[in-house]
1. Would you check if there is a residue in the range B:366-389 being of a type in the set (Lys, Arg) and open to solvent by less than 10 Å² (accessible area, probe 1.4 Å)?
2. Tell me the residue from B:326, B:405 that is outside any helix (DSSP H, G or I), surrounded by 21 or more Cβ atoms within 10 Å (Cβ to Cβ) and either in contact with a strand residue (DSSP E or B) (Cβ under 6 Å, 6 or more places away or on another chain) or at the interface with chain A (Cβ under 7 Å from one of its Cβ atoms) (or both), please.
3. Working only within the range A:64-90, note down all residues that are at the interface with chain B (Cβ under 10 Å from one of its Cβ atoms) and in contact with a helix residue (DSSP H, G or I) (Cβ under 6 Å, 6 or more places away or on another chain).
4. Counting only residues that are surrounded by fewer than 17 Cβ atoms within 10 Å (Cβ to Cβ) and more than 27 Å from residue B:167 (Cα to Cα), which one in the range B:226-262 is farthest from the other protein chains (Cβ to nearest Cβ)?
5. Considering each of B:7, B:71 in turn, give the residue that is in contact with an Asp or Glu (Cβ under 7 Å, 6 or more places away or on another chain), of a type in the set (Ser, Thr, Tyr) and open to solvent by less than 50 Å² (accessible area, probe 1.4 Å).
6. Here are A:61, A:11, A:46, A:93: which of them is assigned to a loop (DSSP other than H, G, I, E, B), facing chain B (nearest Cβ under 7 Å) and under 29 Å from residue B:421 (Cα atoms)?
7. Working only within the range B:138-176, note down all residues that are closer than 12 Å to residue B:402 by Cβ and either open to solvent by 10 Å² or more (accessible area, probe 1.4 Å) or within 14 Å of chain A (Cβ to nearest Cβ) (or both).
8. For residue B:274, which of the numbered conditions (1) under 25 Å from residue B:298 (Cβ atoms); (2) open to solvent by 10 Å² or more (accessible area, probe 1.4 Å); (3) in contact with a Lys or Arg (Cβ under 9 Å, 6 or more places away or on another chain) fails to hold?
Amino acid sequence: MSLTPEQVRQVAHLARLKLADDEMERMRLQLSSILDHIELLQAVDVTDVPITAQVTDLTNVTRVDAVTSSLPVDAALANAPDRQGDYFRVKAVFEE
Amino acid sequence: MALHELTIAEARAQLDRGEITSVQLTEALLERISALEPTLHSYLTQTPELALQQAQAADERIKAGNASSLTGIPLGIKDVIVTKDVRTTCGSKVLENWVPPYDATVVSKLNEAGTVTLGKLNMDEFAMGSSNENSAFGGTRNPWDTERVPGGSSGGSAAAVAAGQAFGTLGTDTGGSIRQPAALCGIVGLKPTYGRVSRYGLVAFASSLDQCGPFARTVEDVALLLETIAGHDPKDSTSANLPVPDYRASLTGDIRGLKVGVPSEYFVEGMEPGVEKAVRTAIEQIKDLGAEIVEVSLPHTKYALPVYYIIAPAECSTNLARFDGVRYGVRLEGKGLFDEIESTRGQLFGAEVRRRIMLGTYALSSGYYDAYYRRAQQVRTLIRRDFQEVWSKVDLLAAPTSPTVAFKIGEKTDDPVAMYLSDVCTLPINLAGVPGLVVPCGFSDNLPTGLQLIGKPFDEATLLRVGHAYEQNNTWYKQHPSL
């Protein structure tokens with residue numbers, strides 16, 4: 001299974017990873033080689049086999065709907081790379 | 001005997017009799033850490049001041065007669081486990097300066113028990129790797145041969161225990177990250193059943209597979225640690241609401257009548273003959289101790305590796321989306337918001353983490369989801385059924401842990417698939433969610449090997465019972481690397 005450079009660029013964009021051109025090519029070869037091993041799964045008969053998303057067999061775990069204490073604002077913001085008052089500060093989301 | 005060579009149970013007895021103090025133990029280990037760190041690099045952050053404060057408090061508690069089984073015992077914590085006010089990096093540049101505002105539940109439980117925290121242990125970045133070479137701050141070396149890797153991802157946790165830099169440690173295991181390094185460093189390591197131990201405060205890698213567990217030099221010590229960290233946690237909705245047994249009570253030494261299955265598929269092609277011999281000899285001994293050995297088959301074992309390398313990267317690609325340099329961690333400057341996010345992630349994540357995020361993003365992307373992710377989840381069901389069926393025939397399984405002994409640093413770094421094969425005997429256990437215990441089973445070419453015992457869900461007690469009986473019938477646990 002061989003990925004195209006265009007596919008690798010598209011996946012890097014979806015994953016929000018800026019990769020240098022030489023790494024794009026290295027990534028393309030390594031991902032293709034890993035996908036070759038994964039091809040083994042195409043041979044398994046999975047007709048009518050349900051999926052396993054988790055193994056606990058628990059469903060709809062809820063807590064009592066009551067107010068409890070949570071992280072204070074200053075503690076939550078203490079590691080912020082940039083802040084303004086009680087907010088995380090980032091560059092403009094909508095660019096011109 | 002030097003203080004750092006004591007087991008937790010031995011140290012406990014001496015503390016309770018007033019023969020030593022926790023401060024003495026802690027000072028001895030801090031010295032040991034200082035002496036060995038230039039060689040081993042097991043720790044990413046050392047916390048000597050905190051440790052001595054906790055040791056003093058522990059000594060008062062012991063004097064007052066309120067000691068728990070772990071009060072005053074110096075331990076280390078893998079750096080993927082969140083510690084309030086103590087830097088937690090996950091072995092990544094992205095979190096180089098992150099100081100968490102809260103404790104993981106397992107850390108709160110250790111604090112309540114009155115343990116001493118020596119520091120945070122080295123690991124493969126975000127727990128992705130089998131050699132510790134993916135640590136952004138330089139890998140850990142194997143105490144038995146410093147030219148070799150300690151295994152991974154909890155390599156620092158395993159090396160520290162083997163080298164006497166901690167009496168016990170916590171690690172995490174998503175595909176073998178406790179068991180493989182335990183085997184490669186010649187110590188005991190346990191991956192509990194999924195849900196046995198709270199995941200609250202473990203920085204998530206693959207949420208349906210991650211589990212926290214202990215390392216120590218004996219099975220009894222691991223039982224003490226498990227008892228302390230296990231149990232239901234309202235902060236982790238996947239933790240099991242089941243009582244925690246008295247695990248030490250199961251260490252009877254009597255394993256007569258137990259049925260031990262040996263899955264033929266785990267003796268994989270390419271396994272080193274010395275490793276296979278050590279494991280088969282251990283299984284013979286378990287038979288001599290009165291257990292019945294039964295050959296069994298887990299026919300979907302060969303699919304575990306490809307299933308894992310879809311599911312784990314898929315979950316990691318979503319979990320690691322939170323590292324965008326907005327709320328915590330390092331942010332690199334860029335031309336705009338998205339440029340900053342892409343630069344931060346592209347430059348600060350290491351090569352293996354980038355590779356897995358890419359693989360997972362691809363497997364989840366539109367048009368490929370059914371062929372990869374959905375199919376992998378279906379085959380996961382078949383792997384799980386293999387285990388469910390085998391429990392009608394046997395009480396537990398015995399198998400190898402890693403197909404090889406510790407390999408040389410740099411030997412597998414250029415070939416991701418060769419590195420992934422290191423976990424071929426441990427991955428299926430995470431996919432099925434069952435517990436796995438590794439106990440040392442001798443040496444091959446002077447390097448440690450480990451026997452893997454695999455159990456029914458929430459039956460850690462039987463694994464500890466068999467592991468303990470085997471261990472006490474041998475002297476591997478009394479051997480220490482010469483450093």
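1. Within the range B:366-389, the subset of a type in the set (Lys, Arg) is B:374-375, B:380, B:384-385.
With open to solvent by less than 10 Å² (accessible area, probe 1.4 Å) added as a condition, the list becomes B:380.
Scanning the range B:366-389 turns up at least one residue that is of a type in the set (Lys, Arg) and open to solvent by less than 10 Å² (accessible area, probe 1.4 Å).
2. Values: B:326 fails: surrounded by 21 or more Cβ atoms within 10 Å (Cβ to Cβ).
Exactly one of B:326, B:405 is outside any helix (DSSP H, G or I), surrounded by 21 or more Cβ atoms within 10 Å (Cβ to Cβ) and either in contact with a strand residue (DSSP E or B) (Cβ under 6 Å, 6 or more places away or on another chain) or at the interface with chain A (Cβ under 7 Å from one of its Cβ atoms) (or both), namely B:405.
3. A:83, A:90
4. B:256
5. Among B:7, B:71, only B:7 is in contact with an Asp or Glu (Cβ under 7 Å, 6 or more places away or on another chain), of a type in the set (Ser, Thr, Tyr) and open to solvent by less than 50 Å² (accessible area, probe 1.4 Å).
6. Working: A:61 fails: under 29 Å from residue B:421 (Cα atoms); A:11 fails: assigned to a loop (DSSP other than H, G, I, E, B); A:93 fails: under 29 Å from residue B:421 (Cα atoms).
On inspection, the qualifying residue turns out to be A:46.
7. Result: no residue meets the conditions.
8. (3)
The values are calculated or read from the model by the stated rules, or taken from the named source; none is laboratory data. Remember, predicted model here, so these are calculated numbers, not experimental data. Counting neighbours? That spans all protein chains shown, and the Cβs are built from the backbone with ideal geometry, glycine included. In case anyone asks, the SASA skips ligands and DNA or RNA and just uses the protein heavy atoms, side chains included. Shrake-Rupley method; radii C 1.70, N 1.55, O 1.52, S 1.80 Å.
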